[in-house]
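Down below is the structure, laid out as structure tokens.
The values are calculated or read from the model by the stated rules, or taken from the named source; none is laboratory data. These figures come from a predicted structure and were not determined experimentally. Counting neighbours? That spans all protein chains shown, and the Cβs are built from the backbone with ideal geometry, glycine included.
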Amino acid sequence: MARDPLGPGAHGPLRFDPSKYGKNQGVEHFPIADVRARLEAQNGGWEVVHESTNVEVGVLVRVAPTPDPPVRHTADEVYVVLAGEATLEAEGESRRLKPGDAAFVAVGKEHHFVDYELISVLVLFARGG
């Protein structure tokens, strides 16, 4: 398993395997729909589909009643909702998100999803570099 650059347990264990998705050079294809379907069938989880010097891309799926614990990251983060609806709470702010919506969370800001039955999001972390 790959180490989580954003902190232990930030989204659960990472399952990044560069041999499966390419060598992190040039143009890569990420089977987001397949990863999402697999994670939804497993009642949720987190999987990294790309990791490079400047960006990490993953799919996060939460299925009720599993909670999404509050986290803080050492990188800016963007969520793009693929399926389901949830409220993103971030230090006193909250936004209801639905498929097609995106949200930015600044580095260091505590945040988590609440009020969901199922939420599937594409997650993009800016890593700097």
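Pairing residues of segment 52-71 that are closer than 13 Å to residue 117 by Cβ with residues that are aromatic (Phe, Trp, Tyr) and part of a loop (DSSP other than H, G, I, E, B), at Cβ distances under 8 Å and at least 6 apart in sequence or on separate chains, gives 62/116; 64/116; 68/116. Take the conditions touching a residue at least 40 places away in the same chain (Cβ under 8 Å) and surrounded by fewer than 18 Cβ atoms within 10 Å (Cβ to Cβ) and apply them to residue 118. Does it pass? The answer is yes for residue 118. Residue count for segment 36-57, restricted to those that are surrounded by 18 or more Cβ atoms within 10 Å (Cβ to Cβ) and under 25 Å from residue 128 (Cβ atoms): 7.
Within segment 78-111, the set of residues being in contact with a Lys or Arg (Cβ under 9 Å, 6 or more places away or on another chain), assigned to a strand (DSSP E or B) and surrounded by 15 or more Cβ atoms within 10 Å (Cβ to Cβ) comprises 81, 82, 83, 84, 86, 88, 89, 90, 103, 111. Considering only residues in segment 72-87 that are free of Cβ contacts under 8 Å to residues at least 40 places away in the same chain and touching a Ser or Thr at 6+ places or on another chain (Cβ under 7 Å), the one that is farthest from residue 48 (Cα to Cα) turns out to be 87. Being surrounded by 15 or more Cβ atoms within 10 Å (Cβ to Cβ) and modelled with pLDDT of 95 or more is not true of residue 15.
Filtering segment 39-68 to residues that are under 18 Å from residue 104 (Cα atoms) and assigned to a loop (DSSP other than H, G, I, E, B) leaves 54, 68.
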